[in-house]
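Report on one structure; see the data block that follows.
The values are calculated or read from the model by the stated rules, or taken from the named source; none is laboratory data. Keep in mind that what you see is a predicted model, and the values were worked out from it rather than measured. Here the Cβ positions follow ideal geometry from the backbone for every residue, glycine too, while neighbour counts run over all protein chains shown. Remember, those area values only see protein heavy atoms, side chains included, never the ligands or the DNA or RNA. Shrake-Rupley method; radii C 1.70, N 1.55, O 1.52, S 1.80 Å.
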Amino acid sequence: MIKKGRKFLKYLLILTVILAITAAVGTAVFVHFYPKERVLHLIKEQSAKFLNRNVNISSIDYSFKGIILKGIDVYTIDGEEKNSIFTSDEAVIKFMPWALLKKEIKIWSLSVNRGSLNWEFSKDGDNLSNLAKEIRGRSKDMDPPSFKIVISKIVLKNFSLNISGITGQFSSLNGTYIIDSTVINRDFKKLRIADTVLQLPQRNGILSPVLDLDIEKNLKITGSAEVKSLSLDWVYKLRSSKRQLPFKWVVAKLKNIKADTDAVSCDVTASSTLRDFDKKISAAGHCTVTIGDRKTVNITSVNGTIGESTIGLEKLQIDADRGEINTISANGGTNVHISDLRGIVKSIPSKLKGILAGRFNYRKGIIEGEMKLSNINYVTNSIELFKIPAASVNIKNSELKVENIPVILFGKNRAVLSVATIDKDITKIYAVLNARHLDLNPVSKLAPVKDNIASNGKIDIPAHIFGKVFIEEAVYEKYRTYSTRIDYKIKGSSIDINNIKTTIFKGTVTGTGRISLESERPVVNAGFKFNNIRVNDIEFQDENMKDRFFGIANGRTNLKFTLGDNISESTVGNVTFDISRGKVVNTGIQKGLILFLADLKYKLRDLEFREIYGNIDVLGNQYMAKSFIFNSEDIRMSIKGKLDRNLMAENMNMKLEFNNHFIKDIPRPALSLLRKYSKGSWYEIPFAINGKITESKNIKLK
């Protein structure tokens with residue numbers, strides 16, 4: 001046995017020596033019959049003739065690596081050595097010398113080191129296609145080559161593909177692509193691409209494919225690939241649609257790739273960063289992209305995560321050209337936090353929280369699903385505007401109808417909400433809210449709506465919502481309203497109050513309004529009409545006005561204000577009113593009049609007026625009394641001028657008028673003092689008010 005082993009090693013050694021001698025002899029024969037200068041001249045001459053371009057090669061050398069060509073340049077224009085179409089620092093050719101005896105050049109390895117190929121596009125086409133057409137055209141008139149050339153493997157190292165001149169939709173393809181790759185040729189029927197790293201222009205990503213190409217008949221590709229830091233902003237520029245999708249940088253592994261002229265499919269494990277969002281979305285599933293006039297992306301059997309959310313996706317179909325979703329089918333494994341969805345759906349307010357769980361299907365505009373809602377809420381400035389603790393929602397054939405959903409408003413007010421869709425359109429919703437008690441005081445603490453829905457703070461609601469609100473009792477500061485009914489419509493960036501009716505101060509108020517959501521703070525425009533308001537039920541802040549003003553008021557007002565802290569500062573508008581059976585009892589104004597008309601103090605202390613008219617402009621915390629008239633048969637009083645919310649007057653004019661009947665029983669000496677104010681049967685006495693109007697010291701005779 002040992003002798004046989006020794007004999008085998010002896011024969012192996014002899015065979016190795018023979019092969020070495022054969023290779024050496026073959027190489028020596030090749031060098032003898034094909035000296036470097038002759039080969040260099042032959043390559044340059046034949047290449048220039050074949051390409052019809054100037055070709056330059058700086059040097060040639062033979063080594064154990066093979067034939068080494070250095071300083072290769074192929075120029076773009078015949079006769080002009082400029083604007084190279086191809087350059088390479090070095091090309092190494094490894095071939096089989098004995099194949100030359102069969103008039104074959106069998107290159108089993110061609111390595112191009114630090115090469116560069118310029119692919120230029122213009123209105124006349126691209127330079128590489130034009131060059132190929134030229135070669136095909138000349139080949140018809142050329143003698144067939146005396147040698148058959150076969151290349152088994154091409155190796156590219158640090159190779160640059162420079163693309164330029166592309167305009168329009170695909171202009172982002174311009175740039176320099178860095179390629180390291182090995183291409184293996186199997187009888188010109190199959191190619192294998194391996195050991196590949198393709199760096200996209202401007203650091204837009206790295207692709208590492210391992211692919212087998214069947215090119216014998218129709219192109220077929222199989223294999224796998226790895227994607228690193230692929231910029232989808234760069235990819236989006238290749239689409240006809242300019243709609244920006246939320247995904248930004250992608251890392252992915254593609255397995256079981258199958259591609260032909262009709263479609264590309266593979267199993268994908270991927271993750272992506274999201275635009276203006278600090279969480280990633282990750283998913284694993286199957287993807288098929290159809291190729292043709294209508295490109296579609298079909299994603300199936302996906303299990304994914306985004307933040308704390310899990311998504312079970314049975315199918316997602318996207319129109320790649322339009323960037324629109326055709327079909328979504330999410331299974332019961334979906335458990336989504338609304339805050340995570342903002343990474344994909346930017347219109348969701350950032351302060352809206354909660355969890356959605358269940359299944360969901362969307363196809364050709366039809367929605368079906370069963371969803372459970374839990375802890376849906378919107379919190380801003382530590383105020384919970386609303387909260388839905390729990391609810392079940394069933395959608396069938398795009399029809400939704402849910403009744404008596406428990407809702408908590410402003411942190412403590414309990415209400416119920418009923419919702420239904422209209423005409424099978426999920427974007428048209430009819431909603432009715434019922435509440436027994438509603439405390440509106442938290443509204444005054446709301447800060448600007450900085451909810452980054454748009455750069456200017458604009459809210460754009462992607463639905464048409466309308467319905468009614470019923471509130472048995474509402475409270476704001478010291479005011480209470482009863483039996484409030486509101487008809488509203490919400491669309492886009494506005495909330496329209498088509499009708500509001502409520503009871504306050506034992507009278508009724510009706511009106512309309514609009515709340516604009518186009519800026520950081522909601523802006524309210526409202527017009528109201530009020531009837532039978534009992535003035536004595538109004539709580540005045542000043543002690544000298546409390547329980548001293550009586551009558552029944554009717555009128556109208558138009559106001560504009562901004563919701564948030566200090567609503568009064570932003571309020572502008574106008575109020576007109578009339579008060580019947582009015583009575584003013586011993587106010588600060590009357591005390592000021594009595595200082596100058598002491599003999600009339602008993603008459604002035606309690607004044608009754610048949611009618612009181614008012615026309616007042618509201619300018620934030622300032623009020624401009626355009627006219628404020630108190631009328632009765634024997635006495636009249638009018639006030640004009642500016643005062644603020646604290647009843648501080650500034651150059652306010654007041655005129656007191658009374659007739660002879662009013663003063664018929666005062667002492668005769670007092671009458672002599674009034675004669676200078678006499679105008680016929682009436683007396684007109686002008687006053688000026690500066691300071692608080694309820695303090696008598698601030699009222700002076702003019």
Please state which of the following conditions GLY680 fails to meet, knowing it meets all the rest: (1) of a type in the set (Gly, Ala, Ser); (2) touching a residue at least 12 places away in the same chain (Cβ under 8 Å); (3) surrounded by fewer than 13 Cβ atoms within 10 Å (Cβ to Cβ). (2)
Quick check: is even one residue across segment 458-469 over 19 Å from GLU518 (Cβ atoms), at pLDDT below 95, of a type in the set (Phe, Trp, Tyr) and within 27 Å of the chain's Cα centre (by Cα)? yes
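When you scan segment 255-278, how many residues do you find that are in a strand (DSSP E or B), polar (S, T, N, Q), in contact (Cβ under 8 Å) with a residue 24 or more places away in the chain and open to solvent by 30 Å² or more (accessible area, probe 1.4 Å)? Break it down stepwise before answering.
The initial filter retains those residues of segment 255-278 that are in a strand (DSSP E or B), namely 255-259, 263-274, 277-278.
Narrowing further to those that are polar (S, T, N, Q): 256, 265, 269, 271-273.
Retained after the next criterion (residues that are in contact (Cβ under 8 Å) with a residue 24 or more places away in the chain): 256, 265, 272-273.
Now restrict to residues that are open to solvent by 30 Å² or more (accessible area, probe 1.4 Å): 256, 273.
Residues in segment 255-278 being in a strand (DSSP E or B), polar (S, T, N, Q), in contact (Cβ under 8 Å) with a residue 24 or more places away in the chain and open to solvent by 30 Å² or more (accessible area, probe 1.4 Å): 2 in total.
Listed here are the residues, each with its yes/no results for (1) farther than 24 Å from ASP262 by Cα; (2) basic (Lys, Arg).
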residue: GLY175; (1), (2): yes, no
residue: ASP180; (1), (2): yes, no
residue: ASN185; (1), (2): yes, no
residue: ASP195; (1), (2): yes, no
residue: GLN202; (1), (2): yes, no
residue: ILE206; (1), (2): yes, no
residue: VAL210; (1), (2): no, no
residue: ILE215; (1), (2): no, no
residue: LYS220; (1), (2): no, yes
Answer with yes or no whether VAL336 is modelled with pLDDT under 90, of a type in the set (A, V, I, L, M, F, W, C), open to solvent by less than 30 Å² (accessible area, probe 1.4 Å) and touching a His at 6+ places or on another chain (Cβ under 9 Å). no
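Quick check on GLY79: is it surrounded by fewer than 16 Cβ atoms within 10 Å (Cβ to Cβ) and modelled with pLDDT of 80 or more?
Criteria not met by GLY79.
Test of understanding: among LYS123, LYS140, which residue is farther than 24 Å from ASP73 by Cα, open to solvent by 70 Å² or more (accessible area, probe 1.4 Å) and at pLDDT 75 or above? Before you say what the answer is, go through the steps one by one.
Values: LYS140 fails: at pLDDT 75 or above.
Only one candidate qualifies: LYS123.
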Across segment 165-213, the tally of residues that are in a loop (DSSP other than H, G, I, E, B), open to solvent by less than 50 Å² (accessible area, probe 1.4 Å) and polar (S, T, N, Q) stands at 2
Identify the residue in segment 496-527 that is open to solvent by less than 40 Å² (accessible area, probe 1.4 Å) and touching a residue at least 60 places away in the same chain (Cβ under 8 Å) and, among all such residues, is nearest to the chain's Cα centre (by Cα). LEU517
From PHE662, PHE687, residue being surrounded by 12 or more Cβ atoms within 10 Å (Cβ to Cβ), modelled with pLDDT under 85 and among the aromatic types (Phe, Trp, Tyr): PHE662
Quick test for you: out of LYS315, LYS353, pick the one residue that is under 27 Å from GLY492 (Cα atoms), free of Cβ contacts under 8 Å to residues at least 60 places away in the same chain, open to solvent by 30 Å² or more (accessible area, probe 1.4 Å) and not acidic (Asp, Glu). LYS353
Among residues belonging to segment 642-689 that are under 60 Å from the mean Cα position of the chain (by Cα) and part of a loop (DSSP other than H, G, I, E, B), point out the one that is nearest to SER632 (Cα to Cα). LEU647
Under 6 Å between Cβ atoms, which residue pairs at least 6 apart in sequence (or on different chains) link something in segment 393-422 that is in a loop (DSSP other than H, G, I, E, B) with a partner that is of a type in the set (Val, Ile, Thr) and open to solvent by 20 Å² or more (accessible area, probe 1.4 Å)? SER398/ILE366; SER398/ILE426
Pick from LEU433, LEU438: which is among the hydrophobic types (A, V, I, L, M, F, W, C) and open to solvent by 30 Å² or more (accessible area, probe 1.4 Å)? LEU433
